[in-house]
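Chemist: First the structure, which I've put down as structure tokens, then a few questions once you've had a look.
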Amino acid sequence: MPTGHHRATLPVARSGEDALTTAIGLARAAGSLVRDASLGPRSYERKGRIDFVTAADRASEALIVAGLAEAFPGHAVLSEESHADTPWADGDLWVVDPLDGTRNFTAGVPLYCVTLAYVRDGTPLLGVTYDPNRDWCLAGGRGLGLTANGRAVGATAAPDLASSLVVVDLGHDDDRAAATLDRMRGLWPGVQGYRVVGSAALGLAWAAAGLCDLMVHGSVWPWDIAAALAMVPAGGGVLLDADGAPATLASRSVVAGAPQAALDFLATRSG
């Protein structure tokens, strides 16, 4: 259970709400906007071969950024679409992905999410990931525990890689994606199965909450993983980089979920 001491270390919004409550409210409001937008035309612009941006991305980001400015004046924002170059190592910072899984969104596939995290001096302290299609809100962080729609959840206790259901995602870097596919092919049949979600943040949330045993991704960005960096450990899981060290906002390749299964996965690395 969260303690008053831990909550006292987190910022309080101008409204008097604690930071986690404020973050949940913003994620849910932005998610509702995105879900409503999915019912109309889903036109997009290309940022890369498979990297898209839509009006829903921008509207969701604007809602969240405005809400954070009102609640926490003076806090910086790092967000994928309009604040992607904000330094993250020092001070009070919110890291936002207003629509993770944009390619799914444009295709009408209901696997995408809104995610945001509060970071102090480079360390994510709380995170929220909201799936508007399932009305599923995962929230938690250091000293806060981990809940899904208010119910305590956590990573699985998969005893090894062979027992694990693995979510794997590819990202926008073709070479890294090819390497990930080669790695997964080399592991087969040493896992229970693979699932491809198409949203790094949603897959990491699934690993944090025990909806899969592991999530593996070879090409993440700070806005993909900031919330998970706070939430996965809060649910008893691990989030590690390719070298087996605790992941940070600078990590590009990560594995998250059941501790022993994650270690087994890293031990299979060739070379």
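The values are calculated or read from the model by the stated rules, or taken from the named source; none is laboratory data. Everything quoted here is computed from the prediction, not taken from an experiment. Don't worry about glycine lacking a Cβ; one is built from the backbone with ideal geometry, like all the others, and counts go over all protein chains shown. Keep in mind that these areas ignore ligands, DNA and RNA; they rest on the heavy atoms of the full protein, side chains included. Shrake-Rupley method; radii C 1.70, N 1.55, O 1.52, S 1.80 Å.
Chemist: Highest mean first, what order results for 134-146, 172-184, 28-40 on Cβ atoms within 10 Å?
Modeler: Descending packing order for the listed peptides: 134-146, 28-40, 172-184.
Chemist: Another question, then. Add +1 for every Lys or Arg and -1 for every Asp or Glu among the other residues with Cβ under 12 Å from the Cβ of G67, and state the total.
Modeler: Net local charge, G67 excluded: -1.
Chemist: Hey, another quick one. Normalised radius of gyration for the range 47-150, please: alpha carbon Rg relative to 2.2 N^0.38 Å, two decimal places.
Modeler: Relative to the rule-of-thumb radius for its length, the range 47-150 sits at 1.10.
Chemist: Counting only residues 5 or more places away or on other chains, whose amide H sits under 5 Å from the amide H of L78 once H atoms are built in the peptide plane?
Modeler: Amide H neighbours of L78, under 5 Å, 5+ apart: W94, V95, V96.
Chemist: Placing one identical point scatterer on every Cα of the range 106-213 and ignoring solvent, what is log10 I(q)/I(0) from the Debye formula at q = 0.11, 0.13 Å⁻¹?
Modeler: Debye output, listed in q order: -0.41, -0.58.
Chemist: Out of the DSSP beta bridges found with both residues in the range 111-217, what percent are antiparallel (nearest 5)?
Modeler: Taking every DSSP beta bridge with both residues in the range 111-217, the antiparallel ones total about 75 percent.
Chemist: So, one more: Taking the alpha carbon gyration tensor of the chain, what are the square roots of 5 times its eigenvalues, largest first, to the nearest whole Å?
Modeler: 27, 22, 16
Chemist: Can I ask one more? Using a 1.4 Å probe over the heavy atoms of the protein chains, calculate the carbon and sulfur portion of the accessible area of the chain as a whole percent.
Modeler: 54 percent
Chemist: Can you tally the net charge around W206? Count Lys and Arg as +1, Asp and Glu as -1, for every other residue whose Cβ sits under 14 Å from the Cβ of W206.
Modeler: -3
Chemist: Taking θ as phi - 60°, what are the ³J(HN,Hα) couplings along the range 210-224 by the Karplus curve (6.51, -1.76, 1.60), each to the nearest whole Hz, with x for Gly and Pro?
Modeler: Each residue of the range 210-224 in turn: x, 7, 8, 8, 9, 10, 10, 8, x, 7, 9, 10, x, 5, 6 Hz.
Chemist: Rounded to the nearest 10 Å², what accessible area does H75 have for a 1.4 Å probe in the complete protein model?
Modeler: The accessible area comes out at roughly 50 Å².
Chemist: Please list, in order along the range 13-27, the HN-Hα scalar couplings obtained from phi with the Karplus expression 6.51 cos²θ - 1.76 cosθ + 1.60 (θ = phi - 60°), rounded to whole Hz, x for Gly and Pro.
Modeler: My calculation for the range 13-27 gives 5, 4, 6, x, 6, 6, 4, 5, 4, 5, 5, 4, x, 5, 4 Hz in order.
Chemist: In whole Hz and in residue order, list the ³J(HN,Hα) couplings for the range 163-169 that follow from phi through the Karplus curve 6.51 cos²θ - 1.76 cosθ + 1.60, θ = phi - 60°; x for Gly and Pro.
Modeler: 8, 9, 8, 10, 8, 10, 9
Chemist: Another question, if that's okay. How are the alpha carbon pair distances in the range 212-265 distributed across 5 Å bins from zero to the largest one, expressed in percent?
Modeler: Histogramming the range 212-265 at 5 Å steps yields 5, 23, 38, 25, 9, 0 percent.
Chemist: Out of all Cα-Cα pairs in the range 144-271, roughly what percent, to the nearest whole number, are more than 21 Å apart?
Modeler: That fraction is 29 percent.
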